[in-house]
Amino acid sequence: MGEFVVHRVRFFDYMPSAIRAMAFNGSTQRLAVARGDGAVEIFNFADNYFQEKVIPGRSDRAIEALCWVRGRLFSAGLSGEIIEYDLEKLRPRYSVEAYGGPIWTISSNSQETLLGVGCEDGTVKMFEILEERIQFQRNLDRQKGRIISLSWHPSGAQIAAGMIDMIRIFDAETGHATHRLLVERGVGTTRNTEVVVWSVAFLSNDTVISGDSAGKVQIWDAVTGTLIRNHLITKWDVLGLAVSQDESSVIAGTSEGTVVQFQALASTMGQENNQWVRTRTFKNHTHDVRALVHTDTAVVSGGMDTQLVVRPLLDKVEKNTQESALRKILFPHKSLVCCARKAGLLLFQFPDHLELWRLGESSAKGQAGDRLPVMKNPEKLIQLQNKGEDHICCSAVSPCGSWVAFSTVSSVRLYKLQLSNGNISIKKVSKLPKELHSVHQLCFSSDSSRLFASSAQASVVVASLDQLQCKHLHTAFSAFLSFPGSSQPIHLLSASENGNWLAAANTDGQIHVFNLHKLKLHCTLPVYSSCPTAIAIHPTTGHLLSAHADQQIFEFSLKLKEYTAWSRSLQREGLHPLWLQRDTPITHIAFNRNKPAHVFLHDAFMFCIIDQSLPLPQARKKLYNQMDLKTISPQKRMQESHAFKICKMFQHLLSIHLLDDSSLVVVERPLADIVSQLPPPVRQKKFAT
Amino acid sequence: MVEHGDVRVVHKGGSKINFREPALSTDSRFLLCASGESVKVFSTATEECLHALQGHTDLITGVLLRPSNHLQAYSCSLDGTVRLWDFTDGILIRTYSIGYPIYELFQLVAVHLPQCGEQLVEAKELSAVLSNISSNPAASAFGREVRIFRCLEVYFFKNFFLKKDNQKGGKNTFTCITCHPTEDCIASGHEDGKIRLWRNFNHRKEYTYSTLHWHHSAVSSLRFTPEGTNLLSGGVESVLVQWRYNQESQRDFLPRLGGAITHISVSPDGALFCTSHSDNKITIIQSCVKVSAVIQGLVKGDRIRTDLMIEPRSKALVLNGKPGHLQFYSLQRDKLLYNLDIVQQEYIHESGLEQFEVVMAAFDASGSWLATVEERKQKAPELELNLKLWAFDDQKQSFVLNTTISAPHEGRITALCFPHVSDGQTTMLVSTSRDGHFKAWQLAAPGFIKFYLILKGPSWSCDFLGAYHSLVPECCCFSADSSLLAVGFQEVVTVWTPASWELLTTLSQPPGAVRDLCFGRLSCSKYLLGATTSRLLCCWNLLTCSLEWVTSMDVSLLLADPLSENMAAFCFEAGSTDLFVFKPGEPRPLFSHKALCSGRVTHAVFVPREVMLESCDEASQWLNCSHLYFLTQSMDLLTFITKAEEDKLTASSKQLVVSDDVAMTPFHLLLGKHRDQLENPQAESRLSVEPIRQPSSSAGINELLQMPAHVLPSASFLCSMFVQSLLISKEEEMESEKEEEDSDGEMESRISRPEHMPSGESGCAAPALTKEEVRELRRLKKLDHSWMKGLLD
């Protein structure tokens, strides 16, 4: 495996934002997650829960609800606007002001013709969904008090609205309220505080289920307007409800971090009248569960503790398979760290600023496993504050450390850095070509002479940077490499070491390789069904290595334009089952110049060196055999060792980089640090305390 | 058991009443509970035992009401039979012989047995069901719950399915299970204190459950109320928890029930709950709010430190009871008399906490003094010891603390002994200890200790301190006339005279320390017997001071019958205990019983009989004066019973039925006379009829008369039989089968004919029975009989 000097970086104070809303599109298997900072993330559940797209947030955008309409994504928030997103350009397409004050909820009818929004001023506003936009249609009867939650009857004829202390049922045709369901307040001291109906669900058999701030889940008959059943499930709030597709199961998320399942069950076998019975309780969160989705096989929940938890329902999935495993998605599936290999600088990306750090140094030598004394502490060189409301979507530092670039949805900024004996000067490059205005991914060439950017038009912009004339910095737009056949955003860029090739991958799974000398498309890789999560071009052999969301690895020879023999044998023998069972994608691939056969890969929980010269592991052999190898004799070690050398010493890895002086930079973000920054959870009495 | 003839080991008195779940009768008036080899019928109102249903010859393992007749109950036993009883009158109606031990009575059995005539076939089907379940540890819990459901098989399979799935996961193993009476819901209790309500289990995969959690350790029993509105659960917390079905966040508690709950049962009308506790107690609870009655059996903890003793006044058995208490248990009435608080400190329920324990107790011969030793051992050098002496107070009818001697010895006390003074007051107590001394304690006259402290009555103080070559005394014993005290100092037995505390002689039989010492009684009082650790039983003649005889046996307990010269030795041999009863002067043992029980017997006692038995059979003669009770390692109190005695008991139980068919309660004894006077005409008529029938000694008539009226078939049916039995005497065999037929034939007749037919009708119906019909009837009965005989064989 080799020995490395490891910089163990723990000063990246990355803090994910709380999950506020979720919406699931069953037909495309996409989950949209809205975070507290206004960012929207799209997860592909069909592709191993890979985070395909991230629409960067905005500081003034507080999303309260999300809604899918036929592959279109709408959001509404406290700003009072309804926003539709452009999922190809990863930015809002347009926004419509509802003129009703802050919007609490948004919901479309099952015919997907109307969009209802609940506003602060007590109106339910109907918007007609047109091809390219939405248009205000009408107001339903205005109520006193805000509309917190909305749910359409599947027929589209009625709509239930959760309010303060009551639930209103409206006739969608006439717009008049037909029922007023009074929700009981809590007992004891909470009797004086009004109860908020945080969530309602309208079922096709005219049952309304509500979750409220008194901790109750109530089941109502919408025809007569009577309460059928009352389940007290928490002392705190019930914040969210979600109904399964077949309306046989309802889940409720509470402030205690629990998700409670209710199921409609016949009391005796063969009887028709189903009763809603409280069944399972899932406790996967420490804080409020703000958003819930009930897919066919799983309960998806997210909340204040920033984790997205996919809890499969064991009665719906096959046991002891990968599908039945609990998944927690903690970190973005995209690296937020950029490393200047030659200069030993690290660039950390935050939503509203960038931080450039110089790594610490140590002159001491030590044995494997020793902790070296730090001679020079790591140092924060620059904090680049982003101006404006939009959040940073991507950033890059050049390998020599003299250029820093970042982008928001509206603009790209490029800075020239000069580091000389502790003096830092930074200059903004003022004139950028107009093609560089909105990009998804930035990348510098290894000699820092070019900047590659994937633009919103599904193309790659190549800009050349003039190194020599420092006073008159300019960039020249030199090429515009368009991507044939797809308009999906390019999310991965990788330039080869020698400056010949540039590889680009989009979320459709296409990987294209461009010849940078000719500025032409060199070849297109065969499209694999799973989205690539990391790509890299080998510096010496010129092979393109790609890792995919389903944990497959491919190696493609750019010269021969075909998969290499190693890649074929890997596909033939298959990857080890334990490798395939990992639940975080590979986010970075790197190569060791001294040992060409070594490939560095990492995900959030492990760091792996693939030695392509060694045999592949057999399925029945142990995958994690580093400890065993240490103990056995050298002869046997040769027999036992296989290509995958896995190190689990570092946990919650955000990034691993190999510097030019052959030292490793490991950026960790311990979970405990994130938890310590969360607000305190609701107080709960624990037995024997 | 062949060689010991007609003497049998039985559970009699002091047996577990919490062994299996009790059954409450439909009207909630009676509680049936398995207790040793009999089923006891308690009144739920008065806590009294009304009668015991006797007939089984081994441990009863289940009691169940008969679903089709609420006045009858089934019981099953390890002897391989299921018996059907009329529990209000205590009559055995039927016996089904299954042929192998039954460990648990399922309703399944009860459903199948009466339906078809051929029990043997049924028995095989039953065995198939049982063998399926027994591989499962929690099997006995769920098998019995299946009754309500229509498709039994489905549920069995489903139950299996659930078990297999979930027993992998660490602490959530199943402990108990119950079914909802009307809905498809199974409640299961788990090791980690959770209760799970399983639903939707009739689909193969989509079963679902919800979890209720209150108990902090394993749930030991679960039961739904008959309407299914509430779920009751209990565990080691000794709190009965009542969950509202479908409103599980609401629950009621009935705390402080005094012992870990082992079973819960609910009366069919839901009015009474009853909980069995680990301290051999049954609590009857009225609708989960009030404890209305407590039936306490013999308290048996995990171990007993004191010997079994007999209190000379009440002849009650005395041993450790609740922590820090001595219990007084009447074996005759099979009832706990009272508990005596010895430690007089609050018991703290906490595991691992060292608390004072009563380790030794002794009564003097007249029962006026009780000596107890309590100890608390925190660490080996910090042993805390108290010797307490209790005087019997005639006014309070209880023992009152007289003297407390703290730290009477420096080491642990090994033996405590009062002299056997038959007349007058006992004034001496001897205690031996590991500190190498034995002390004689003397009752001193009242006197002044300090000038201001005047003692009210006599108190005890140390009189003599004896030692022998700094050896550790292990045991001590007074001779029958109390003129000699033998103290065993390891290998050496020293004989002292208590009058002058002079060492008279030493006896020794090395190697091996003396473990037990015992003087012979009556004619054998010149013998001193000692059991040593080197597997020897020695008998010394005190007149010659020489060894009379030695035999090699590993005696774990040596006991002398106070009323005869018999001695009992329990010997541990190859994993089980043998009993030898012998006279010290005679070479041959009177009685021997190999493999009495597994494990060592360390506690036994001779209990004097109230009425002497006059058995001349040699093997059972030793039981004439006293019962011998002993405690096995599994804390079962067993005793010996002779055949004659057993016959007498069963006879007396039948007699009881004839004499009064109303439940005998103390209340009834008070009010019964009054009621009898009110119902005078009937009583008189009954009395007037009986003498007339007495001369006709036909067995059939007797049987007819002994049967209570309400279980008899209709008069029209009996009439012809009655007449026949009066007229004909040629069919002798009929009388012999009569007994079985009556009990057996009762069922069919009950089904075929209305029960209460007006007497007028019966009068005209009787002549309708022609001779041919009578013959036909008899033929049918004969058929029945042969079949029955095959079964019994």
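Taking θ as phi - 60° and the Karplus parameters 6.51, -1.76 and 1.60, the scalar couplings of region A:165-182 work out to 6, 7, 10, 10, 10, 9, 7, 5, 6, 7, x, 9, 6, 9, 9, 10, 9, 7 Hz in sequence order, x denoting glycine and proline. From the cross-link list A:Lys342/A:Lys365; A:Lys428/A:Lys518; B:Lys12/B:Lys643, which pairs have alpha carbons spaced over 19 Å apart? In this structure, A:Lys342/A:Lys365; A:Lys428/A:Lys518 exceed 19 Å between Cα atoms. With N the number of residues in region A:152-266, Rg(Cα) / (2.2 N^0.38 Å) evaluates to 1.02.
Between rounded, prolate and oblate, where does region A:76-189 land on the alpha carbon gyration tensor, with a ≥ b ≥ c its root eigenvalues, rounded for a/c under 1.5, else prolate if a/b exceeds b/c? Taking the square roots of the gyration eigenvalues as a ≥ b ≥ c, region A:76-189 is prolate. Within the shell defined by Cβ-Cβ distances under 15 Å, the residues around A:His176 carry a net charge of +1, with Lys and Arg each +1 and Asp and Glu each -1. The modelled label-to-label distance for the pair A:Leu614/A:Gln571, using points 7 Å beyond Cα in the direction of Cβ, is 2.5 nm.
Annotation: amide H-H contacts under 5 Å for A:Leu90 (H modelled 1.01 Å from N, sequence separation of 5 or more, or interchain): none.
Tell me, how many Å apart are the Cα centres for region A:615-689 and for region A:167-195? Centre-to-centre distance over Cα atoms comes out at 52 Å.
Which entries of B:Lys379/B:Lys594; A:Lys328/A:Lys416; A:Lys334/A:Lys387 have Cα-Cα distances beyond 30 Å here? The answer is B:Lys379/B:Lys594; A:Lys328/A:Lys416. Farthest toward the positive end of the dipole of region A:161-201, out of A:Val200, A:Ala177, A:Val187, is the Cα of A:Val187, where the dipole comes from beta carbon charges about the Cα centre. Counting only the backbone N, which residues of region B:302-327 are under 17 Å from the spot 7 Å out from the Cα of B:Gln397 toward its beta-carbon? Under 17 Å, as judged by backbone N against the label point of B:Gln397, lie B:311-317 of region B:302-327. Taking all C-alpha pairs of region B:501-576, those more than 13 Å from each other amount to 66 percent. Between A:Asn594 and A:Asp370, the FRET efficiency from the beta-carbon distance, with R0 = 30 Å, is close to 0.90.
When the expected Rg is taken as 2.2 N^0.38 Å, what fraction or multiple of it is the alpha-carbon Rg of chain A?
Numbers: Rg = 27.2 Å, N = 689, 2.2 N^0.38 = 26.4 Å.
Taking the Cα Rg and dividing by 2.2 N^0.38 Å, one obtains 1.03.
Pairs exceeding a 29 Å alpha-carbon distance, out of A:Lys283/A:Lys316; B:Lys16/B:Lys648; A:Lys235/A:Lys648; B:Lys281/B:Lys439: A:Lys235/A:Lys648; B:Lys281/B:Lys439. Packing-based ranking of B:275-284, B:327-336 yields B:275-284, B:327-336, ordered from highest to lowest mean Cβ neighbour count within 10 Å. Reducing region B:572-605 and region B:289-303 to their Cα centroids gives an inter-centroid distance of 33 Å. Other residues within the sphere of radius under 11 Å centred on the Cβ of B:Thr427, judged by their own Cβ, net out at -2 (K and R +1, D and E -1).
Could you work out [θ]222 nm for chain A from helices alone, using -39500 (n - 2.57) per DSSP H run of at least four and dividing by all its residues? Round to the nearest 500 deg cm²/dmol. The per-residue figure over chain A is -1000 deg cm²/dmol.
Inter-label distance, A:Ser59 to A:Val5: 4.0 nm, where each label sits 7 Å from its Cα along the C-beta direction. For region A:72-120, the alpha carbon positions stretch 32, 26, 12 Å along the principal axes, listed from largest to smallest. Classification of region A:266-374 by its C-alpha gyration tensor yields a prolate form. The axis ratio a/c (a ≥ b ≥ c) is 1.5 or more, and a/b outweighs b/c. For region B:1-101, a Kirkwood hydrodynamic radius built from all Cα pairs, placed in the Stokes-Einstein relation at 10 °C and 1.306 mPa s, yields a translational diffusion coefficient of 115 µm²/s. Note on region A:75-91 and region B:181-242: Cα centroid distance 49 Å, given to the nearest whole angstrom.
Throughout, read-outs are computed from the coordinates displayed, never taken from laboratory work. Treat the numbers as computed from the prediction; the structure is a model and nothing was measured. Note: ideal-geometry Cβ built from the backbone for every residue, glycine included; neighbour counts use all protein chains shown.
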